[in-house]
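Asks: Before we start, here is the structure in question, set down as structure tokens.
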Amino acid sequence: MKKRLNELDILRGIAFILVVIQHTLGGYSYSKKISISNKIISRFVYVVAQPAVPIFLVLTGMCLTYVYFKKLNTRSFYIKKLKYLVMPYICLSFLNIWLLDKSKLQIL
């Protein structure tokens, strides 16, 4: 059984949710089709969520370093990162390009 740092997992989960909210609201508050009150609320939430990206990156770096220094095996480290970070990123990027063509961006 892997030893987990529950506090870091909770903070990473909160930061992840805030990053998703930030990316979701990024263009929404600039849309001309929403009311002023919704713009103000979405901009407020966007600004509050901004520190989430650096927090998420720092916590992820801490977790990776913690795991890396417990077992120093460079090859397995990079294979795991390729499998769990790079491949999903590439797949989701292609999915995003496929789903968001220029005609669908007209709604903003």
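Asks: Taking 0.36 nm per residue of separation and subtracting the Cα-Cα distance, what length does fully extending VAL47 through LYS32 add? Don't skip to the answer; put the middle values down first.
Replies: Values: separation 15, 0.36 × 15 = 5.40 nm, distance 1.94 nm.
Stretched out fully, the VAL47 to LYS32 stretch lengthens by 3.5 nm.
Asks: So between LEU99 and ILE40, what do we pick up on full extension, going 0.36 nm a residue minus the alpha carbon distance?
Replies: Numbers: separation 59, 0.36 × 59 = 21.24 nm, distance 2.86 nm.
In short, 18.4 nm is gained.
FYI, it's all coordinate maths here, none of it is from the lab. Predicted model, so just to flag it, every value in this text is computed and none were measured.
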